[in-house]
Structures are given as structure tokens and as C-alpha cells.
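Colleague: Please find one structure pasted underneath; my questions will follow.
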Amino acid sequence: MALVNPLRRKLAEGRPVYGTLATMPSPQLAQLLAGCGFDWLMIDMEHGAIGIESAQAMIAATAVSDCVPLVRVAWNVDWLVKPALDAGALGIVFPMIRSAKEAAAAVAACRYPPRGERGWGPFYAPSRWGTDAFTYTRDADAAVMRIALIEHVDAVADIEAIVATEGLDVTLIAPFDLSVSLGIPGRFEDPAFLEAVAAAERVIADSPVVLGGLARDAEGARALVARGYRFLLLAYDVMIIERAARALLEPLPRG
């Protein structure tokens, strides 16, 4: 059976796709979120408390639906990418991509030779996707998505070259680190921040690369879709749970 990435199909049809970030090492949480209807789940091995054993179990847990498991690695190095892909992730999210050279290295880490640098050893990925090891190897380069986080002022300065990188699928503008790199942490209405985001948006929107971003709620997601975003990160697990818990408690009387 051929390896097919459902997320690629949805994006090829021009549809916006919605996902969230999982920072907790919980297959149960991954299963629950996948079953809620998200198009993709980003398993966070950069800032989340997740090791490769938990990541593999979380990837397996997404099989309850067509929710595609992605993994955000801690840094743009191939030895962090290999185990995540071999566990069955169908996309890698690369933090702090600041140049076209770094984007090219990210793409290479996700591809088998001769087009890339990925080592062979897909022991668990084939069973997650209902195929055999060599069919997986044949199809993986086309199925696996490469996603770059644009979260530094240097990336904005080199954005034209970054989006020209062959094999890069999505660039996601990450507001928190971007504001920090500008020296205005959390000041998302500051003119310097808005100018940097607008500059990146213009270039990405005119490229073959999908424009992605963070929305804290449905209203914010709709606004981004209206601006041309098609890869939407909706909050993250901690935020979702905190909001739900506070909303549950807020109207109750206190002694």
C-alpha cells in the first residue's frame, strides 16, 4: 500500500488546515486531540517534556483519525530528525530557520539519498501507515513535509531565499520568538513587529510555500485565513486545558 500524506492532499486542494501543539508526553492526549478533528498534531520535542519513546507512542495514537502527526525537533540537525521520522511522523517542524542554507539542510535531513541525508531504519513508521519498509522508503520523500519556523529577524531578512528552497513545504511565522528577536518580547502590536510579519507574509504568499501562523482562538484563525494563511496552529495543549478549566470554575460560587 502506497504511503500517502492526507495533509498534503488537503493543502493541494487549497483548503486551510488546522492543528495544535502537544507539549505533554501523553499518548492519551494525542489520541483525544486527533479524534477531535484536527488535521495535524505537532508533537513538541523542542520545548515540551517529550522524549522519543513518548513521541513514538503519541504518533501511533493519532491513528484514530486522518490527523497527521508532525514533530517539532529541538534543533535543525539530522540526528534529531531521523528517530522522529522512523517513529512515523509525516512531517518535521524545524525551529529557528534563519537562512536558505539552514532551510536546505532541513530538507536534506528529511530525504533519503541521493536527494538527502536521511539514514535508513524505518522500523515503526511503515506499520503506522499500513505499508512495508521498502514501500515506505520509496514513498517517504514525497510524503514527509518540511516545515520551517520563521521566528527571527534574520529569517525575515532572508525570507525570499528561504521560500525559494526546493522541497520546503510550509513556513510558519512564530510570533513569540520573533518578537523576542526584535527586542520587543510579547509586544505584538508594536510597529516593528507588525512590519516584520507583514514583510514575511508578502513574500511567502507570493511563493509556492504554504503560509502558516499561530492563532489563539477561532476568531484569530478566521482572520489569518482571510489574509492568505492556510496552515493554522490553534493554541496548544496547556492553553486549551487551562482555558477549559478556568471557564468551568469561573461561574461557580466560592466559600
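Colleague: Out of E117, E151, I need the residue that is touching an Asp or Glu at 6+ places or on another chain (Cβ under 9 Å) and buried (at least 20 other Cβ atoms within 10 Å of the Cβ). Which one?
Modeller: E151
Colleague: Quick check, is A84 part of a helix (DSSP H, G or I), over 30 Å from A199 (Cβ atoms), modelled with pLDDT of 95 or more and within 18 Å of the chain's Cα centre (by Cα)?
Modeller: So A84 fits the description; yes.
Colleague: I'd like the full set of residues that are among the charged types (D, E, K, R) and out of contact with any Gly (no Cβ under 9 Å at 6 or more places or on another chain), limited to region 56-82.
Modeller: D66
Colleague: Which of the following residues is modelled with pLDDT of 95 or more, closer than 30 Å to Y124 by Cα, charged (D, E, K, R) and surrounded by fewer than 17 Cβ atoms within 10 Å (Cβ to Cβ): R138, R222, R202, R243?
Modeller: R138
Colleague: If I filter region 54-74 for residues that are surrounded by fewer than 21 Cβ atoms within 10 Å (Cβ to Cβ), out of contact with any helix residue (DSSP H, G or I) (no Cβ under 9 Å at 6 or more places or on another chain) and either assigned to a helix (DSSP H, G or I) or at pLDDT 95 or above (or both), do I get at least one hit?
Modeller: The answer is no, given that none of the residues of region 54-74 is surrounded by fewer than 21 Cβ atoms within 10 Å (Cβ to Cβ), out of contact with any helix residue (DSSP H, G or I) (no Cβ under 9 Å at 6 or more places or on another chain) and either assigned to a helix (DSSP H, G or I) or at pLDDT 95 or above (or both).
Colleague: Of the residues that sit in region 225-240 and are surrounded by 14 or more Cβ atoms within 10 Å (Cβ to Cβ) and without any contact (Cβ under 8 Å) to a residue 60 or more places away in the chain, which one is farthest from I173 (Cα to Cα)?
Modeller: Within region 225-240, the match that is farthest from I173 (Cα to Cα) is M239.
Colleague: Also: So, in region 168-198, of the ones that are in a helix (DSSP H, G or I) and exposed (fewer than 14 other Cβ atoms within 10 Å of the Cβ), which residue ends up nearest to the chain's Cα centre (by Cα)?
Modeller: Result: F176.
Colleague: Only one residue in I97, I43, I50 is farther than 19 Å from N5 by Cα, among the β-branched types (V, I, T) and surrounded by 24 or more Cβ atoms within 10 Å (Cβ to Cβ), so which one is that?
Modeller: Residue meeting the stated conditions: I97.
Colleague: Right, next: Quick check on this structure: which one of L21, L90, L33 is surrounded by 20 or more Cβ atoms within 10 Å (Cβ to Cβ), closer than 18 Å to A125 by Cβ and touching a residue at least 60 places away in the same chain (Cβ under 8 Å)?
Modeller: None of the other options fit; the residue is L90.
Colleague: From the list P126, P114, pick out the single residue that is under 26 Å from V210 (Cα atoms) and either in contact with a Lys or Arg (Cβ under 7 Å, 6 or more places away or on another chain) or modelled with pLDDT of 95 or more (or both).
Modeller: Checking each option against the conditions leaves just P114.
The values are calculated or read from the model by the stated rules, or taken from the named source; none is laboratory data. For clarity, every value in this text was computed on a predicted model and none was experimentally measured. Here Cβ is always computed from backbone atoms with ideal geometry, including for glycine, and neighbour counts include all displayed protein chains.
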